[in-house]
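Have a look at the structure below before the remarks.
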Amino acid sequence: MKDENCIFCKIAAGEIPSATLYEDEDFRVILDLNPASKGHALILPKEHYRNLYDLDDELASKVLVVAKKMVNRLRDVLGCSGYNIVQNNEGVAGQSVFHFHMHLIPRYEGDNVGIGWKLGTLTEEDKAEILNKLK
Ligand code: 5GP
Ligand code: ZN
């Protein structure tokens, strides 16, 4: 399924040109237009899914295989020292384009890429509540 108002559907289909690093029948991997670091790439499925909540099970398993292939190849090409894999779901979590995508963000010594969070403390109350609700 495609969404005719979705820019990533058009990019994934090749209707809008992009710097494509890899393509197969299910995915296109492109360079991000506003990279967090040199080589920041996005894995886009060719079909439209809003985000991980909706992603087809088979594609969900395939996307990590593509991510693995890409970071192994790109770490040699880019000479980076590490990788962050980021995948945002819904606006509150930073999603700005509502077509599932996975960020591959190369990390270099001394870069100022700001991915992080303040460490909290797991309370007994939260732990009990979550485990109980999942039963
Ligand atoms: P999100 O915030 O939804 O997780 O990530 C969206 C990403 O898509 C951003 O990093 C943004 O720079 C990138 N992006 C948005 N529009 C385009 C585009 O037209 N082409 C490319 N290559 N990247 C885009
Ligand atoms: Zn789309």
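Out of the residues in the stretch 1-44 that are under 19 Å from residue 75 (Cα atoms) and touching a Phe, Trp or Tyr at 6+ places or on another chain (Cβ under 7 Å), state the one that is nearest to ligand 2 (Cβ to nearest atom). Selected residue: 43. Taken over the stretch 1-48, the criterion of being more than 13 Å from ligand 1 (Cβ to nearest atom), open to solvent by less than 70 Å² (accessible area, probe 1.4 Å) and under 17 Å from residue 106 (Cα atoms) is satisfied by 22 alone. Among the residues making up the stretch 42-93, a single one is touching a Gly at 6+ places or on another chain (Cβ under 9 Å) and of a type in the set (S, T, N, Q): 88. Selection of first residues in the stretch 5-17 that are on the phi > 0 side of the Ramachandran plot and among the small types (Gly, Ala, Ser) and of second residues that are within 11 Å of ligand 1 (Cβ to nearest atom) and open to solvent by 40 Å² or more (accessible area, probe 1.4 Å), restricted to Cβ pairs under 9 Å at least 6 apart or on distinct chains, gives the following pairs, ordered by first then second residue: 14/20. Cβ-Cβ contacts under 9 Å between residues 6 or more apart (or on different chains), taken from a first residue in the stretch 46-72 that is without any contact (Cβ under 8 Å) to a residue 24 or more places away in the chain and part of a helix (DSSP H, G or I) to a second residue that is open to solvent by 20 Å² or more (accessible area, probe 1.4 Å) and among the β-branched types (Val, Ile, Thr), are listed as 64/85. Going by what's in this entry, would residue 81 be described as in contact (Cβ under 8 Å) with a residue 12 or more places away in the chain, within 16 Å of ligand 2 (Cβ to nearest atom) and in contact with a strand residue (DSSP E or B) (Cβ under 7 Å, 6 or more places away or on another chain)? So residue 81 fails the test. When restricted to residues that are over 30 Å from residue 22 (Cα atoms) and over 22 Å from the mean Cα position of the chain (by Cα), the stretch 84-135 contains 17. Cβ-Cβ contacts under 9 Å between residues 6 or more apart (or on different chains), taken from a first residue in the stretch 85-102 that is touching a residue at least 60 places away in the same chain (Cβ under 8 Å) to a second residue that is in a loop (DSSP other than H, G, I, E, B) and near ligand 1 (Cβ under 7 Å from one of its atoms), are listed as 101/88; 101/95.
The values are calculated or read from the model by the stated rules, or taken from the named source; none is laboratory data. Just so you know, these numbers come straight off a predicted model, no measurement behind them. All Cβ positions, glycine included, derive from the backbone under ideal geometry; neighbour counts span all protein chains shown. The protein model used for the area step is the full one, side chains on, heavy atoms only, and it has no ligands, DNA or RNA in it. Shrake-Rupley method; radii C 1.70, N 1.55, O 1.52, S 1.80 Å.
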